[in-house]
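Values quoted throughout were computed directly from the atomic coordinates according to the rules given, and no laboratory measurement underlies them. Everything numeric in this text was worked out from a predicted model, so none of it was measured. With ideal geometry, Cβ positions are generated from the backbone for all residues, glycine too; neighbour counts draw on all protein chains shown.
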Amino acid sequence: MMDDRNYFEERTNRSSGFAAGEEGRLGRGFWKGFFTAILLIGIAVGAFWYFNRPIVIPGRSTSGEGLDTEEAEAILTKADQFIRYIDEYYILEDIPKESLIEGIYRGIMGTLSDRYAAYYTAEEFEEIKKNSQGSFGGMGISVTPDREIVSVYEDSPASEAGIQPGDIIIAADGTDITGMAQDEYMTLLRGEVGDVRTLTLLRPSTGETYEVTMTLRIVNQKTIVWKWLDNGIAYLQITNFHVITIEQFDAALEEIQSAEDFAGLILDLRNNPGGELDTVVHIADKLMPSGLIAYTLEKTGEREDFTSKGEGLPGIPMAVLINGDSASASELLAGALKDRGIATVVGTQSFGKGIVQTTWWLGDGSAFKMTTAKYYTPGGEEIQGVGITPDVVVEMPEDVEEGTDPQLDAAYDVILDDLGIAADDAA
C-alpha cells in the first residue's frame, strides 16, 4: 500500500533506553530515556535534536520549536502519574509499562487530523519495510485505504478461501480495524510463513458478513498483466507499484516494443492503490519523453520536481484507464500522462490521494509517519481530495455482463481513432 516516500532518519544521539525502578514507579533511568523520546515524538523535530535526510535529500536537516525544559518536565510528571496509578489500581487487565508508553506515542500521532499519521514499534516497522518489496508472507490481497479488497492474487490463501474483490475487511483475529490507518492494519494481516489469520469481512453485494481462516505463505505478487488486443494494440495492467514491479514492467514493455506490429498501448491503472514513489517515477520515465512528471510542495513552500529523462514511446498512441480506486502513485502517473498530452485518460474520477507521507526511523528501530507535502500534476493541478478527471468519462455499470468491459472498449476506440482506423474497419 503508497505510495509513501520513506525517509529513514536516525537520531544523532541515542537515549540509554527504558529502565524500570521499584514496582509501581518509574526509575530515573526510565525517565532519562522517556524524556528524550517525548521530545522526539511529541513535536516531531525539536530544538533538542536534529535529523538528517541522507537518502532522499542528502545533507538536508530540519529543526523546529520543541519543548522547553519546564514544559517537558510537566509532561513527564503527568505521564508518571497516569502510569503509576494504572500500574497500582487498574483491575481489568495487566498492561506492561512498555504498552502504556507506546500508547502515548500513538496518542500523539492520533491528535493529528491525518488519516495516514502513525507510530510503529520496531517490529511493526520491520514488517512494513518487508511488505514494500512485493514478496512477503501474506494472504494475497490488495486493499484500499478504506479496507476494500481490489484484487485477489491467483494461487493465494485468499483466493483459496473464497475472498472476492469488493469485499471489505472488518476485523483481523477479532481486532476491529475500521478506525486504523492502512499501514497499521496491514501489519495485522501479514506475518511469518505458517502464521494463521482469521478475517471478518463484509460482502456488500449480498450484505453478508462472513469469516475465513487462512495460513500465511510466501506471496510473490504479480503486479503486471498484459496481452495483445487487435490491430497491434497492447493492454498492460499495473495492479500495484511495488519494488518488484520495476522488473516485471521492464520485461513486459521490452517484449511489447520488440513486436513489429506494436501500434498502441492501453495502460490499466484501475483499482491500483499506489505504492513506491521510485517505482512510479521509473515507469513514467519509460513512457514519456524528458520533462516534469509531478512536483511536491512542503509546508515551507519548498518545491521538489520529479522528472523523466527518457525518450518515451514516440509515435505510439496511449490511453490510460482509471477509476475511483486508482490512488496515489496511480494518480501521479495518470496525471502526468494527461497533462503532458501523452495519453488520453478514460474511466471515472480517481480516488484523490495526492499527499506525501514522510517516515522517520528512530534509533531504537521504531518509527513514525505523517503527511509532509502535497503532489501536483505537471500542469499545477492538486490531486489531494480531488483526483484525476478523465478526458473520456465512462461509467462501469453495476450489472455489467461478465466478459464485457465498457471502459476498456472506450480506451480501445480512442487508440483506433488516434491511429486513424475507423471502428468498422478494425480487425
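P(r) for region 65-119, from all Cα pairs and a bin width of 5 Å, is 4, 16, 20, 21, 20, 13, 5, 1 %, short bins first.
Between Val386 and Ile95, what FRET efficiency follows from the Cβ-Cβ distance if R0 is 35 Å, with the result rounded to 0.05?
Details: r = 43 Å, r/R0 = 1.22.
That gives a FRET efficiency of 0.25.
Taken over region 68-163, the convex hull of the Cα atoms encloses 170 Å³ per residue.
Entry for region 122-265 at q = 0.13 Å⁻¹: log10 I(q)/I(0) = -0.63, Debye formula applied to identical alpha-carbon scatterers, no solvent contribution.
For region 135-220, a crude dipole built from +1 on the beta carbon of Lys and Arg and -1 on the beta carbon of Asp and Glu, taken about the Cα centre, is about 60 debye to the nearest 20.
Remark: region 300-427 is approximated by an ellipsoid whose semi-axes, taken from the C-alpha gyration tensor as √(5λ), come to 34, 19, 12 Å, largest first. Using the Cβ-Cβ distance between Thr69 and Arg303 with R0 set to 30 Å, the FRET efficiency works out to roughly 0.25. Under 16 Å of direct C-alpha separation, and excluding same-chain neighbours fewer than eight residues apart, Lys353 reaches these aspartates and glutamates: Asp3, Asp4, Asp114, Asp146, Glu148, Asp183, Glu276, Glu298, Asp325, Glu331, Glu381, Glu382. Against the empirical 2.2 N^0.38 Å (N residues), region 135-220 has a Cα radius of gyration ratio of 0.97. A simple spin-label model places the labels of Glu247 and Asp114 3.3 nm from each other, with each point 7 Å out along Cα-to-Cβ. Within the straight-line cut-off of under 16 Å between alpha carbons, the lysines reachable from Lys78 are Lys32, Lys97, sequence neighbours fewer than 8 places apart in one chain being disregarded.
Working from Cα pairs under 8 Å separated by at least six residues, relative contact order for region 135-220 is 35 percent.
Quick one: check the C-alpha center-to-center distance for region 281-298 versus region 310-361, whole angstrom. Taking the Cα centre of each part, region 281-298 and region 310-361 sit 10 Å apart. The tail of the calculated P(r) for region 189-329 beyond 26 Å holds 40 percent of all Cα-Cα pairs. Among Val346, Val394, the ranking by other beta carbons within 10 Å of each residue's beta carbon, starting with the fewest, stands as Val394, Val346. Partner lysines whose Cα lies under 17 Å from the Cα of Lys222, excluding those fewer than 8 positions away in the same chain, are identified as Lys130. Let me know the whole percent of all Cα-Cα pairs from region 371-427 that are separated by more than 20 Å. Cα-Cα pairs in region 371-427 separated by more than 20 Å: 53 percent.
Neighbour counts of other Cβ atoms within 10 Å put Glu395, Glu126, Glu276 in the fewest-to-most order Glu395, Glu126, Glu276.
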